[in-house]
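All remarks here apply to the structure that follows.
The values are calculated or read from the model by the stated rules, or taken from the named source; none is laboratory data. Fair warning: this is a prediction, and the values are worked out from it, not measured in the lab. Every residue, glycine among them, receives a Cβ derived from its backbone with ideal geometry; neighbour counts consider all protein chains shown.
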């Protein structure tokens, strides 16, 4: 990759960050959004995290590799859901998920 290509990619990334991260903050500061929009925006992180998790839980490659590799993440997700409902903490969910997945992997 040439330096020109590198600088073009870097410039596009910086412009994207400015447009999609900074501009809404600047334009919406001092304004209140309607309650429906605020409620919808609160669900965006949960939806993004759920999409990432669902992609790993129901992977066709994992399902094709056998019963235990398919059940392992599903079993590990049960305590994570309980912790998520009780604490609403992403850090607690990640810690519980890693610990339970490691423990189940050690059993297998």
Out of all the residues in the range 58-76, is one or more over 22 Å from the mean Cα position of the chain (by Cα), assigned by TED's automatic domain parsing to the domain that holds residue 102 and part of a loop (DSSP other than H, G, I, E, B)? yes
Quick check on the range 24-42. Is at least one of its residues in a helix (DSSP H, G or I), modelled with pLDDT of 85 or more and under 16 Å from the mean Cα position of the chain (by Cα)? yes
Do you know which of the residues in the range 78-105 that are surrounded by fewer than 11 Cβ atoms within 10 Å (Cβ to Cβ) and either under 17 Å from residue 47 (Cα atoms) or not assigned by TED's automatic domain parsing to the domain that holds residue 52 (or both) is modelled with the highest pLDDT? 91
